[in-house]
Amino acid sequence: MARILSILVGLFFTVALAWSLGLGFYTWATEPAQPTAEHEFHEHPKHVSFASDGPFGTFDKQQLQRGFQVYQQVCAACHALKHVAFRDLEKIGYNEPEVKAIAAQFQIPKYDEMTGMVETVEGTPTDYFPPVMYAGQGSPPDLSLITKARHDGGPYVYSLLTGYQDQPAELLEHFPDAKTPDGLYYNPYFPNLNLAMPAPLMEDMVTYSDGTPATVDQMAKDVSAFLIWTAEPTMDKRKQTGWPILGFLLFATILGYMSYRNIWANKKH
Amino acid sequence: MSFPWAKQYTPSHPFMKWMDERLPVPRLVYNAVGGGYEVPRNLNYFWNFGFLAGLCLVLQIVTGIVMAMHYAANTEVAFDTIEHTVRDVNWGWLMRYAHANGASAFFVVIYVHIFRGFYFGSYKAPREMVWLLGVVIFLLMMATAFMGYVLPWGQMSFWGAKVITGLFSAIPLVGEPLQQWLLGGFAPDNAALNRFFSLHYLLPFVIVGVVILHIWALHIPGSSNPTGVEVKSESDTVPFYPYYVAKDGWAIGVFAILYCAMVFFAPNYLGHPDNYIPANPMSTPAHIVPEWYFWPFYAILRAFTQDFFFIPAKLMGVLAMFGAILVWFFLPWLDKSPIRSSSYRPLYKKFFWFGLIPTMAVLFYCGGAAAEEPYVMISQIAALYYFAHFLIILPIVSAIEKPKPLPFSITEAVLGKDEDAKLEPSA
Ligand code: HEM
C-alpha cells in the first residue's frame, strides 16, 4: 500500500516534469532563441595582473597613491567613496599631515544640532569621503566596493576604462536595433554594451607626483589597483595572517595523524 | 543504552565523586563521547562528518554572536554596519569571512553526512528517529541560512528574500495574505529584516536542541557502520575515547586546513558579487540566484515551466521543491530492503552511483545557471530522475534486489574470521 502510494506520488511529479520538458523542447526546437547583441559582443575582462593578486599578494603603495590621485582628480567628480575614511589613506603610505591636507580639500556636509541646518565644513581625517552631487545622465555608483561587486573586479574596472571603442560594423549589420543610443557610449566590457559614462581617461590627465608617465593604460591600472584596495583595505593583512595559521594547522594535523596511527596501531579496522 | 561490555565511569578524584553523586555531568560526557561509548571499529571517514557538522555549528554560533555585536537590523544602515565591521572592527573581517564561509563549509559537511546516510542505509531501523531528526535539522539549517543571507541587505539579499517569500504566494487562496504576514508588508523591508534577524539568532539554538536529540537517538542503538551489520560482540567495537577522539581529531585538522584556505585566500569565491551592491528595490539583478547550497532545490523549483492540469506551474514548482526534501522523511519506509549498506546491494548501488549522484551534480550545476535553455531541459530531466529515484525506483529495487552475502560480523569483515562472536548482543 505504502509502495503504491509512493509510486503514484512519484508519477505525479515525473509526469508533470515530462510535460514541462516536452513542451519546452517543442518550443526550443521550433522557435530557437534569437541571438542578442549583448550575447554576441560582450567580452570578458582582459588579463591584467595586480600586486595584490594571489595568495602572496600585497598592495603596491606607490601604485595605490597614483590610483588615489586618479580617483581624486578624475573619478571623484561623479563617484563617491562612502566606505573609505580619510584616515584610511595612512594605510597606503600617506603620513598624518598629508592625510589632513587631503581631507581639508573635501567639503563635508555636517548637520548642526543647534540650528537644524546642514552646513559644509572642511574634512578632517576621521571623516568619510563625502557624497557626490551628480546632475548628469545615469547614476554613478559608489566606488568603495566596486571591485567586489563585479566578477573579476580589478580586471573588469581596468578593461572598462580602456575598452571604449566605436561600435563594430558587424554589430550594426546584424543588430541594427542595438545601435548605441545618444548619450550612451559603446563598451564591450559593460554587460549591456552601452553605458552613460563617457571614456573618462585621457593621456596626461593627471601629473603623477612620482613621475610615472600618465598613459591611459597606466592610469586605468593604477585606479583599478586603488579600487581593489578600497574594497578590502584589510586584504594584505588577511593573506599575511593566513600563512602562519595554515602552517600551524598543518603541523597540528600531522601530529594528530601520528597520534591516530599510534592509538590504532594494534587495532585492525 | 550501551553494550554490556562498555566501561563504567568511575570517578577517581574526590571532587568528581562528589559531583557524580549530585549532578553526573562527567558521567554523561564519559558515556557520550568518552571511554564509555562503544563504537564499531570499522567506521570509515564518512563517519567523521557528524562530528565535523557539530564543529561547524559551534563555529557559526561563535562568529555569528560576535558579528551581531556590530550589526544593526535596519534597512538604512544594515549594509553599512557590515562594512564597518569588516573595515574598522578588530578582526571583524575575519569574523565575517569565517561566518560566510562557515555556512558553506557546514553545508558541504552536511551534504556528505546525508549522502553517507543514503549510501550506507543509515536511515533504516533502528535509526529512523536519528534520520528524521536529521531531516528536521536540515530544514532548520536551510531556513537559518536563507535568513542570514538577507541580513547584509545587499542586492541578492533583497531579491532572494523577495523571490523565496514570493513562493508562498503560489499557495491557493491563502498565499498572498500568508506572504504579507511573513514579510510584515508587501515587499521585504524593515519589518522583514528585523524578524529575519531575530529568527536567524534564534534558530541555531533550536538546531543545537535538535542535534542533542539526534545524538541521543543515535546512542540508543549506537552507530551503524560500513557493513551495515549490527554489533554482535566486544571485538566488534572500540571505545570512543581514545580511538574515535583521535580519528575525529585529525579529521578536524584536514577540515580546518581546507576551510582556512577558503577564509584567508578565497573568501568571496562562493559569494555572489551582487551582494556587495546595497539593496535597491527599483533595480532587479540580471540573474537572481540563491547561495550554492540551495541550487539543487532551486533547479527543481524552476524545472516546472508548464501548468499541470489545473495546477499552476509555479505551485507545482513550490510543491516539488519542498517535496524534494520531504520525501527524505519517508525514506525508512520507502526502502524496504533489510540490508543497510549499498556494498551488499548490487542493484541499488548502481542507481546510487549512476543515478542519484550525477543527478545531484546536474541539479547543482543547473540551479546556479541562468534559467535558459538548454539548462532548463537538463534540469527537468534531472529532477524527473530525482523523484523517480526516491519514489519509484527505490521501492521497487528494494523489493526485487538479490543482496550479496553479508559478513557474519564486523570482526569477521575486518579480520576475516570471528571466533568469539555471539549471535545476539546480550542486552
Ligand atoms: C547540525 C547538523 C548535524 C549534526 C551536528 C549531526 C551530528 C551527528 C553525529 C555526531 C553523528 C554520529 C557520527 C557520524 O555518524 O557521523 C550523526 C549520525 C547520523 N546523522 Fe547526523 N548530524 C547533523 C545533521 C544530520 C542530517 C541533516 C541528517 C540527515 C538528513 C543526519 C543523519 C544522521 C544519521 C542517519 C546518523 C547515523 C549514522 C550511522 O550511524 O550510520 N544528521 N550525526
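The rows are residues; the columns are (1) within 12 Å of another protein chain (Cβ to nearest Cβ); (2) under 20 Å from residue B:160 (Cβ atoms); (3) under 21 Å from the mean Cα position of the chain (by Cα).
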{"position": "B:193", "(1), (2), (3)": "no, yes, no"}
{"position": "B:217", "(1), (2), (3)": "no, no, yes"}
{"position": "B:243", "(1), (2), (3)": "yes, no, no"}
{"position": "B:270", "(1), (2), (3)": "no, yes, yes"}
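Suppose we filter the range B:324-343 for residues that are away from the ligand (no atom under 15 Å from the Cβ) and crowded, with 16+ Cβ neighbours inside 10 Å; how many remain? It would help to see each step written out before you state the result.
Of all residues in the range B:324-343, those away from the ligand (no atom under 15 Å from the Cβ) come to B:336-338.
Filter again for crowded, with 16+ Cβ neighbours inside 10 Å, leaving B:336-337.
So the count comes out to 2.
Of all helices (runs of 4 or more DSSP H) completely enclosed by the range B:64-165, which ones contain at least 3 residues that are within 16 Å of the ligand (Cβ to nearest atom), out of contact with any helix residue (DSSP H, G or I) (no Cβ under 6 Å at 6 or more places or on another chain) and closer than 23 Å to residue B:52 by Cα?
Numbers: elements: B:78-88, B:92-120, B:128-150.
Ranges flagged: B:92-120, B:128-150.
Taking the criterion of being in a loop (DSSP other than H, G, I, E, B), within 14 Å of another protein chain (Cβ to nearest Cβ), touching a residue at least 12 places away in the same chain (Cβ under 8 Å) and within 8 Å of the ligand (Cβ to nearest atom), would at least one residue in the range B:38-53 satisfy it? So that I can check it myself, show each step before the final result.
As a first pass, look at the range B:38-53 and keep what is in a loop (DSSP other than H, G, I, E, B): B:41-44.
Going one step further and asking which of them are within 14 Å of another protein chain (Cβ to nearest Cβ), we end up with B:41-44.
Okay, now just the ones that are also touching a residue at least 12 places away in the same chain (Cβ under 8 Å), so B:41-44.
Right, trim to within 8 Å of the ligand (Cβ to nearest atom) and you get B:43.
Checking the range B:38-53: at least one residue is in a loop (DSSP other than H, G, I, E, B), within 14 Å of another protein chain (Cβ to nearest Cβ), touching a residue at least 12 places away in the same chain (Cβ under 8 Å) and within 8 Å of the ligand (Cβ to nearest atom).
Please determine whether any residue of the range A:121-136 is open to solvent by 50 Å² or more (accessible area, probe 1.4 Å) and within 19 Å of residue A:36 (Cα to Cα).
no
Which members of the range A:20-54 meet the condition of being open to solvent by less than 60 Å² (accessible area, probe 1.4 Å) and more than 27 Å from residue B:377 (Cα to Cα)?
A:45, A:48, A:50, A:51, A:52, A:54, listed by residue number.
Taking the condition of being more than 10 Å from every other protein chain (Cβ to nearest Cβ) and in a loop (DSSP other than H, G, I, E, B), how many residues in the range B:281-303 meet it?
9
Taking the range B:225-247 on its own, how many of its residues are within 12 Å of the ligand (Cβ to nearest atom) and open to solvent by 40 Å² or more (accessible area, probe 1.4 Å)?
The qualifying residues number 1.
Somewhere in the range A:203-210, is a residue at pLDDT below 95, within 14 Å of another protein chain (Cβ to nearest Cβ) and open to solvent by 20 Å² or more (accessible area, probe 1.4 Å)?
No - not one qualifying residue is present in the range A:203-210.
Pick from B:257, B:252, B:207: which is away from chain A (no Cβ under 12 Å) and either open to solvent by 40 Å² or more (accessible area, probe 1.4 Å) or not basic (Lys, Arg) (or both)?
Numbers: B:257 fails: away from chain A (no Cβ under 12 Å); B:252 fails: away from chain A (no Cβ under 12 Å).
That would be B:207, the only listed residue that is away from chain A (no Cβ under 12 Å) and either open to solvent by 40 Å² or more (accessible area, probe 1.4 Å) or not basic (Lys, Arg) (or both).
Would you be able to say whether some residue in the range B:76-95 is away from chain A (no Cβ under 14 Å) and open to solvent by 20 Å² or more (accessible area, probe 1.4 Å)?
No, every residue in the range B:76-95 fails to be away from chain A (no Cβ under 14 Å) and open to solvent by 20 Å² or more (accessible area, probe 1.4 Å).
Only residues that are of a type in the set (Val, Ile, Thr) and either farther than 20 Å from residue B:87 by Cα or part of a loop (DSSP other than H, G, I, E, B) (or both): list them for the range A:87-112, please.
Looking only at the range A:87-112, we keep the residues that are of a type in the set (Val, Ile, Thr), and these are A:92, A:99, A:102, A:108.
Residues satisfying the conditions are A:102, A:108.
Enumerate the pairs (first residue in the range B:125-143 and more than 14 Å from chain A (Cβ to nearest Cβ) and free of Cβ contacts under 8 Å to residues at least 12 places away in the same chain; second residue anywhere and among the hydrophobic types (A, V, I, L, M, F, W, C) and near the ligand (Cβ under 6 Å from one of its atoms)) with beta-carbon separation below 9 Å, excluding pairs fewer than 6 apart on the same chain, so at least 6 apart or on different chains.
none
Would you check if residue B:270 is within 16 Å of the ligand (Cβ to nearest atom) and open to solvent by 60 Å² or more (accessible area, probe 1.4 Å)?
On the way: within 16 Å of the ligand (Cβ to nearest atom): no; open to solvent by 60 Å² or more (accessible area, probe 1.4 Å): yes.
No.
Do we find that residue B:7 is more than 16 Å from the ligand (Cβ to nearest atom), touching a Gly at 6+ places or on another chain (Cβ under 6 Å) and open to solvent by 30 Å² or more (accessible area, probe 1.4 Å) in this structure? Working first, answer last.
Details: more than 16 Å from the ligand (Cβ to nearest atom): yes; touching a Gly at 6+ places or on another chain (Cβ under 6 Å): yes; open to solvent by 30 Å² or more (accessible area, probe 1.4 Å): yes.
Taking the combined requirement at face value, the residue satisfies it.
Looking only at the range A:244-263, decide whether some residue is out of contact with any Ser or Thr (no Cβ under 6 Å at 6 or more places or on another chain), of a type in the set (Val, Ile, Thr) and within 27 Å of residue A:137 (Cβ to Cβ).
Filtering the range A:244-263 down to residues out of contact with any Ser or Thr (no Cβ under 6 Å at 6 or more places or on another chain) leaves A:244-263.
Among the residues that remain, those that are also of a type in the set (Val, Ile, Thr) are: A:245, A:253-254, A:263.
Within this subset, residues satisfying the condition of being within 27 Å of residue A:137 (Cβ to Cβ) are none.
Looking through the range A:244-263, none of the residues is out of contact with any Ser or Thr (no Cβ under 6 Å at 6 or more places or on another chain), of a type in the set (Val, Ile, Thr) and within 27 Å of residue A:137 (Cβ to Cβ).
In the range B:211-224, which residues are outside any loop (DSSP other than H, G, I, E, B), within 8 Å of the ligand (Cβ to nearest atom) and surrounded by 18 or more Cβ atoms within 10 Å (Cβ to Cβ)? Break it down stepwise before answering.
Initially, the range B:211-224 is screened for residues outside any loop (DSSP other than H, G, I, E, B), giving B:211-219.
Pick out the ones that are also within 8 Å of the ligand (Cβ to nearest atom) and you get B:211, B:214-215, B:218.
Selection gives B:211, B:214, B:218.
The values are calculated or read from the model by the stated rules, or taken from the named source; none is laboratory data. Here the structure is a predicted model, which means the values were calculated and not measured. Glycine gets a Cβ as well: all are built from the backbone with ideal geometry, and neighbour counts include every protein chain shown. These area figures cover heavy atoms from the full protein model, side chains too; ligands, DNA and RNA do not enter into them. Shrake-Rupley method; radii C 1.70, N 1.55, O 1.52, S 1.80 Å.
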